[in-house]
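Just so it is clear, none of the values below were taken in a lab; they were calculated from the coordinates. Since the structure is predicted, the reported quantities are computational estimates derived from the model, not experimental observations. Here the Cβ is made from the backbone with ideal geometry for all residues, glycine too, and neighbour counts use every protein chain on show.
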Amino acid sequence: MPFTTTEAKTRTAAIGPQEKGDHCNLAFRPLVDEWVRSARWTTAHELRRDVIDRLTVDFRKLDDYERDKYVALDLAWQVFFNVYVMPYEEMKRNLNGNA
């Protein structure tokens, strides 16, 4: 889960991911950092393209640890999209009107 405690983030930074949620947090943070630098649809598009590139593997050939990292990345994207991108799009719809 991307929203972990400060304690869990500190532990993960010090000794690496120990739980499935730690992987998600590690995948989530760079998405947010890039969004904060440039909150726009183009950024969301480029981030999603990168996530898709990183997820394009033969999932069946991975061990459980690697599978967990890929699942965490996918879940991190979904949370990021809902928490950051969709509110931005709602704001744009309110400013520009519906399609």
_Residue within the range 19-40 that is more than 16 Å from the chain's Cα centre (by Cα) and over 19 Å from N82 (Cα atoms) present_ = yes
By my count, helices (runs of 4 or more DSSP H) wholly in the chain with at least 2 residues that are surrounded by 14 or more Cβ atoms within 10 Å (Cβ to Cβ) are 6-15, 20-37, 41-55, 64-80
